[in-house]
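These notes are about the structure you will find just below.
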Number of protein chains: 2
Amino acid sequence: MKTERPIGVFDSGIGGLTVVHALTRRMPHENIVYFGDTARVPYGPKSTQVVREYAAQDTDVLLEHDVKMIIVACNTVSAVALDIVQKRAKVPVMGVILPGAGAAVKTTRKKRIGIIGTVGTIKSNAYTNAIRQVDPEVQVFGKACPLFVPLAEEGWIDHKATELIAKEYLFPLTLEKIDTLVLGCTHYPILKGVIARVLQNSVTLIDSGEATAEAAAVLLEEQHLKNTSTLKPNLRFSVSDVSHTFAEVGERFLGQRLGRVHRVSGLAH
Amino acid sequence: MKTERPIGVFDSGIGGLTVVHALTRRMPHENIVYFGDTARVPYGPKSTQVVREYAAQDTDVLLEHDVKMIIVACNTVSAVALDIVQKRAKVPVMGVILPGAGAAVKTTRKKRIGIIGTVGTIKSNAYTNAIRQVDPEVQVFGKACPLFVPLAEEGWIDHKATELIAKEYLFPLTLEKIDTLVLGCTHYPILKGVIARVLQNSVTLIDSGEATAEAAAVLLEEQHLKNTSTLKPNLRFSVSDVSHTFAEVGERFLGQRLGRVHRVSGLAH
């Protein structure tokens, strides 16, 4: 059946598993194929040209699985290479930035939104541009938080050091009196608790992954692509390199067991 | 002149610039060519097979510059792929592990040595094996410190969070009553101050980069390859990708201005 074809999700590494987690909660019957380009992670600090080459190759990996839609669960690719993916795929393509930006605009009362992400995502101004297109009156304040990714991977979720680091990163945003904060990196939902605590719950957090799952559900419904089967779905995970920490960190991000992980070896590196 | 040929140094990224820093202090008249594979950094979490492929390609980049010796300023490559580099190059090759291990054995009085490094370096047991070959009676205690690399890159050298993280990582090693600690990652010398403070200066720190510079100086002298010119040396830097933070972080690591950085584009990725 056409609607039983999987949703394809790719990311530079394992962070996108938080998006898969959000997808499985929002659409528990969809089959999903995930590809994490773990041999070449991270994309964040890399130049635009390199990220665009990688995005094209990642798309091809998913297209081999006859996916019915592609979700780019990587903020860097969503920011600078979504057009490449769209051009290559003959199926609907969705990044994480537009859904995250849209949800933030809907949420803010004071029209003051903060964005946190990698250096690359923040420098790209992709969230700022997306938000301003929806509502030019909104003021957007970005802050790169490079230590959040390794902290999430270490699993130091309740550590005093994580709280100090979060305070240092988020302090300038509190001065700007934001009322909404976009978690503009797929690793950050892991640190949602400490981020909310540091902001004293005065700011609404927007999880880009959850916003994307919501938008994807609407799109599949509209295009009559929603899987009508109620069987247990098939979740398949593939990576370009099986790193030392992949299974342990991946399961924390996914919120469940990963099962067998396939290694994609055809990629040039 | 044969002796004027440059020393070639490569690393997975910018960390190796601390080794270049050590080399320029120990041998201020040597010409140096550096290659950082910034498009594919980090090597630490990658599988051995992938690291070996990359190491071969990095070697080829340096061989194009007619280098008189190659220093592998990457602990991961030194641990699992030094043989590949040696096989490819017709010049002397030196990793950072044997010099670091040798210096640690010379230093320890209690025969209890700690090693800190990336997950990959620690799991490889490369330092432990190297130390045991020199002195089988020495006890070695390894600890992976994944957050040290991003902390060094952020430049959070005197931050309270860095101290808390260092305490957490190093506490198990103090329980083992080590008297010598090898900084088994080229990023770590940046954090030497906080590491020494946390250990209350009771442990001698071995900087693998400095130990390697010393060993390289001895080797060049012995093989009559030392540069006899006293002109200002030529330092050339090349990378496979110019990242957002390369110049800023690189100059902190190198301890001086980088000048023009060449991008090597021939590498498959």
Notebook entry, point to check: Among B:G259, B:G44, B:G15, whose mean-square fluctuation peaks in a Gaussian network model of chain B (Cα, cutoff 10 Å)?
Noted result: B:G259
Notebook entry, point to check: Which residues, if any, in region A:143-165 have at least 10 Å² less accessible area in the whole protein complex than in the isolated chain, probe 1.4 Å?
Noted result: A:P146, A:L147, A:P150, A:L151, A:E154, A:W156, A:H159, A:K160, A:A161, A:L164, A:I165
Check: What is region B:97-208's relative contact order, in percent, from Cα pairs under 8 angstrom and six or more apart in sequence?
Finding: 36
Item checked: Teacher prompt: A:E222 distances to equivalent labels in other copies, 7 Å Cα→Cβ, nm -> 7.1
Notebook entry, point to check: Around A:R236, which amide H atoms from residues at least 5 apart in sequence, or from another chain, sit under 5 Å from its own amide H, with H modelled in the peptide plane?
Noted result: A:I32, A:V33, A:Y34
Item checked: For region A:109-170 and region A:21-93, distance of Cα centres in Å -> 21
Next item on the list: Whole number in Å², please: accessible area per residue of region A:184-269, 1.4 Å probe, ligands, DNA and RNA not counted.
Entry: 50
Margin query: List the lysines whose Cα sits under 28 Å from the Cα of A:K2, skipping any in the same chain fewer than 8 residues away.
Written below: A:K68, A:K87, A:K90, A:K226, A:K232
Notebook entry, point to check: What nm distances, shortest first, do you get from the label point of B:G259 to those in the other copies when the point sits 7 angstrom along Cα to Cβ?
Noted result: 5.6
Next item on the list: Take the alpha carbon atoms of the protein assembly as shown, find their radius of gyration, then divide it by 2.2 N^0.38 Å using N residues; give the quotient.
Entry: 1.01
Check: If you take the square roots of the eigenvalues of the alpha-carbon gyration tensor of region A:194-269 and sort them as a ≥ b ≥ c, do you get rounded (a/c under 1.5), prolate (a/b over b/c) or oblate?
Finding: oblate
Notebook entry, point to check: Relative contact order (percent) for chain B, with alpha-carbon contacts under 8 angstrom and 6 or more residues of separation?
Noted result: 27
Next item on the list: Provide the per residue accessible area, probe 1.4 Å, for region B:49-149, rounded to a whole number of square angstrom.
Entry: 40
Notebook entry, point to check: Between B:H29 and the same site in the other copies, what are the distances in nm, shortest first, taking label points 7 Å from Cα along the C-beta direction?
Noted result: 8.0
Margin query: What is the percent carbon and sulfur in the accessible area of region A:97-208, measuring with a 1.4 Å probe over the protein chains and ignoring ligands?
Written below: 50
Item checked: Counted charge near B:W156, where neighbours are those whose Cβ lies closer than 12 Å (Asp, Glu -1; Lys, Arg +1) -> -3
Margin query: Over chain A, with a Gaussian network built from C-alpha contacts below 10 Å, which listed residue (A:D179, A:D11, A:D66) shows the highest mean-square fluctuation?
Written below: A:D66
Next item on the list: Before anything else, pin down the relative contact order of region A:145-226: Cα pairs under 8 Å, at least 6 apart, normalised by residue count, whole percent.
Entry: 31
Notebook entry, point to check: Loop-only check: which trypsin sites (Lys or Arg not before Pro) in region A:51-129 are DSSP coil with at most 16 other Cβ within 10 angstrom?
Noted result: A:K90, A:R109, A:K110, A:K111
Check: Gaussian network model of chain B, Cα springs within a sub-10 Å range: biggest mean-square fluctuation belongs to which of B:M27, B:M94, B:M69?
Finding: B:M27
Notebook entry, point to check: Quick one: which bits of region A:51-69 get at least 30 Å² less accessible when the partner protein chains are in, versus the chain alone, with a 1.4 Å probe?
Noted result: A:Y54
Note to self: Over 25 Å between Cα atoms: which of B:K46/B:K167; A:K143/A:K192; B:K110/B:K192; B:K110/B:K167 fall into that group?
What the structure shows: B:K46/B:K167
Item checked: Label point distance in nm, A:K160-B:L219, each placed 7 Å from Cα along Cα→Cβ -> 4.4
Notebook entry, point to check: Which is farthest toward the positive dipole end of region A:97-208 among A:P189, A:V138, A:Y127, measuring Cα position about the Cα centre, with Cβ charges +1 (Lys, Arg) and -1 (Asp, Glu)?
Noted result: A:V138
Note to self: Report the A-B buried area as the accessible area lost on both sides summed, probe 1.4 Å, in Å² to the nearest 100.
What the structure shows: 3000
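The values are calculated or read from the model by the stated rules, or taken from the named source; none is laboratory data. Small disclaimer: the values here were computed from a predicted structure and weren't measured. Glycine gets a Cβ as well: all are built from the backbone with ideal geometry, and neighbour counts include every protein chain shown. Accessible surface is based on the protein model in full, side chains and every heavy atom, while ligands, DNA and RNA are left aside. Shrake-Rupley method; radii C 1.70, N 1.55, O 1.52, S 1.80 Å.
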